[in-house]
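First comes the structure, then the notes that go with it.
Rule-based calculations on the coordinates, nothing more; no lab input. None of the values given here were measured: they were computed from a predicted structure. Note that we place each Cβ from the backbone using ideal geometry, even for glycine, and neighbour counts take in every protein chain shown.
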Amino acid sequence: MSSFVAIDHFAKATLTAIPPDEKPTYNSLKTIHQELNDNAMAINSTLGGGHYGHLRLVLPPIKYNDLPNTIPWVNPLHPGEAPVHGVAPTGPQITETNRVYAANETKFLIYRATETALKKQLIEAVPDTFIKTLKHDMYGYAQVTVIAMLNHLDRTYGTVGPQDLSDNMKRMTAEWSPTQPIEDLYNQVKDAQKFAADHDPITDKHAVRAAIDNLENSGVFTNAKEMEEQEFTHMERHFNAADKERRRILTTKEMGFANKAIEKSNTNTTPNVNPGHRSDANGDNMHGGCCIIRRRAGEKAVYRRPARQNNDENQPPPAQG
């Protein structure tokens, strides 16, 4: 088990790095949090209830314990250099002690490998300038946990200011195009709500109005204002149905245009065949040797007789000098 490499099982091999010339922001740190969460949960564990892998390594206890189906997480300890057997153990007792020892050792080694890999990813993703205050002169970051690093970054750089909130409102009201899935609009409004939740909450009514204004401005939902007083979920159901019908009508029209184009093309390229002649597969007349020339509608049919082929066997011998 000492060969276990946690990063081989991570959802993301490298985190989204913060550029060296930029300070961490709420949004850049949020992305790092999400990626670390995914990676930690990708490594299975029976600790903490067993439902969230090693998520506790990147999540403070208070947040972890708020998750459903969890129990308090206890960091595993190394079980020692070798199994400890009782006095005069029986064969089955020795086997069981060895099994428990191996299981505990494996649990500890996976825990340590996962923590080390997560820390390495975080150090590589954040310019050293912004975490160097945690660095020991002799041991570097060896004694610093991932959570300690994240807490430092969040407190120092992860605050949300007025400009962040203003930018968030712009993202919420960004123009939606009818060529996009309507779910894109719902998501941009919901994401803005989540962003502002702990800072300057956006009410559901405000969110509904923002979505409806966008739909009405798109030019395809002219009666959108009628849903302005509805709850967000009700509004979603209504416009999901309306958008589905809109797309069905568009598809039907497109199919109609395509069929008309095909019919027109077939009409303009109909072959004109002289009923007095029969043609073989190559278009050469079987009686009289005429070739049938295809014509466009309204043009006069043209026939030509193929040139007679020379046959040396049928030619008279050249005159003798």
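General observations
- On full extension, the segment bounded by GLU124 and ILE249 gains 39.8 nm, given 0.36 nm per residue less the C-alpha separation.
- The 3J(HN,Hα) values that the Karplus relation (6.51, -1.76, 1.60; θ = phi - 60°) gives for the range 156-162 are, in residue order, 8, 10, x, 7, 9, x, x Hz. Gly and Pro appear as x.
- Computed magnitude of the charge dipole of the range 162-268 (debye, nearest 20; Cβ of K, R +1, Cβ of D, E -1): 660 debye
- Placing a label point 7 Å from the Cα of LEU109 along the Cα-to-Cβ direction, the residues of the range 72-91 whose backbone N falls under 14 Å of that point are 78-83.
- Farthest toward positive dipole pole in the range 146-249 [+1 Lys/Arg, -1 Asp/Glu at C-beta], among HIS199, ALA242, ALA211: ALA242
- For the range 225-240, 3J(HN,Hα) computed residue by residue from phi via the Karplus equation (6.51, -1.76, 1.60; θ = phi - 60°) reads 4, 5, 9, 5, 8, 8, 6, 4, 5, 5, 4, 4, 4, 4, 7, 4 Hz, glycine and proline entered as x.
- Hz values of 3J(HN,Hα) by residue in the range 135-142 - Karplus curve (6.51, -1.76, 1.60), Gly and Pro given as x: 7, 7, 4, 9, 10, x, 9, 4
- Surrounding net charge for GLU124, when Lys and Arg each add one and Asp and Glu each subtract one, Cβ distance under 14 Å: +1
- The calculated FRET efficiency for the pair ASP213 and SER166, based on their C-beta separation and a Förster distance of 25 Å, comes to about 0.90.
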